[in-house]
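Here the structure is laid out as structure tokens; the discussion comes afterwards.
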Amino acid sequence: MGQREGWWNLALVYDMVDRPGESFSALRQSARQGDIDGIMRYSNWLWEDGERAQAIRVRSRHHIVDPVDDPVDPQILRLKDVTLTYWIQVCHDDVSEETLAALADLDVSYVPDFAYWLEDHDRFEEAVTLLSATIEAKHEAELLSLPLGNILERHGDPDGATDAYAAGIAAGDFFCAFNLGTLKNDLGHPREARRLIRLAASHGDRKAVRWLRSERRRSRRRRS
């Protein structure tokens, strides 16, 4: 395990023991080392904290050209150009469909952004089709099953959401385990819910850790 993965895992451990300051510092180091998960989580944290300009600078590291890449590859230059356009539009709350569609086509990690945009614009079926088709065409179940499950669950399709979350877990996205666990809990299957949420927590899902901590407190109150 290298330094990049080490800082990322340290951030998860600090998070599990409820030490957010140390978790944030470790996450920042993970991002500086170039860990993709660290970059994404750190940039999201900054964004939620109102540090939009810094979040954009951190997120842009995901698109730095590797030394082995051709620095004038038209595809790479196009990706960098569209990425910059997108984040400028985000800052002005004026994201266009054309920009999101182009970015999603160039970088599959932006497919969820485009799908959520479609959902927000009452184009639910198009959002589901985009995610499902990309999963099948590009074998991206690990990345795209969670947003697919989220959208299906919000639109009253628990069976479809269950299938999407289960596919995500099978592909290695254990954040899906928390969502499937809470869905199972809502559907009246608490034992299966706890198993799934423990699985998510064991892989560093902060929401799962907090859910289990709250559940333990509720259990102690019921016994007292």
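The values are calculated or read from the model by the stated rules, or taken from the named source; none is laboratory data. Small disclaimer: the values here were computed from a predicted structure and weren't measured. Heads up, the Cβs are rebuilt from the backbone with ideal geometry, glycines too, and the neighbour counts pull from every protein chain shown. In case anyone asks, the SASA skips ligands and DNA or RNA and just uses the protein heavy atoms, side chains included. Shrake-Rupley method; radii C 1.70, N 1.55, O 1.52, S 1.80 Å.
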Check: Given the residues Asp66, Asp37, which is the only one that is charged (D, E, K, R), assigned to a loop (DSSP other than H, G, I, E, B) and modelled with pLDDT under 80?
Finding: Asp66
Notebook entry, point to check: For segment 70-79, does any single residue satisfy the condition of being under 27 Å from Ala193 (Cα atoms) and open to solvent by 30 Å² or more (accessible area, probe 1.4 Å)?
Noted result: no
Check: Does Thr162 fit the bill of being of a type in the set (Val, Ile, Thr) and open to solvent by 20 Å² or more (accessible area, probe 1.4 Å)?
Finding: yes
Check: Does Asp105 meet the test of being charged (D, E, K, R), modelled with pLDDT of 75 or more, open to solvent by 90 Å² or more (accessible area, probe 1.4 Å) and not in a helix (DSSP H, G or I)?
Finding: no
Next item on the list: Consider only pairs whose beta carbons are under 9 Å apart and that are at least six residues apart or on different chains; among these, list those whose first residue lies in segment 140-168 and is in contact (Cβ under 8 Å) with a residue 60 or more places away in the chain and whose second residue is open to solvent by 20 Å² or more (accessible area, probe 1.4 Å) and of a type in the set (A, V, I, L, M).
Entry: none
Notebook entry, point to check: How many residues does segment 118-159 contain that are out of contact with any helix residue (DSSP H, G or I) (no Cβ under 8 Å at 6 or more places or on another chain), open to solvent by 80 Å² or more (accessible area, probe 1.4 Å), outside any helix (DSSP H, G or I) and under 29 Å from Glu192 (Cα atoms)?
Noted result: 1
Note to self: For segment 6-18, give me each residue that is open to solvent by 70 Å² or more (accessible area, probe 1.4 Å) and either at pLDDT 80 or above or part of a helix (DSSP H, G or I) (or both).
What the structure shows: Trp7, Val13, Met16
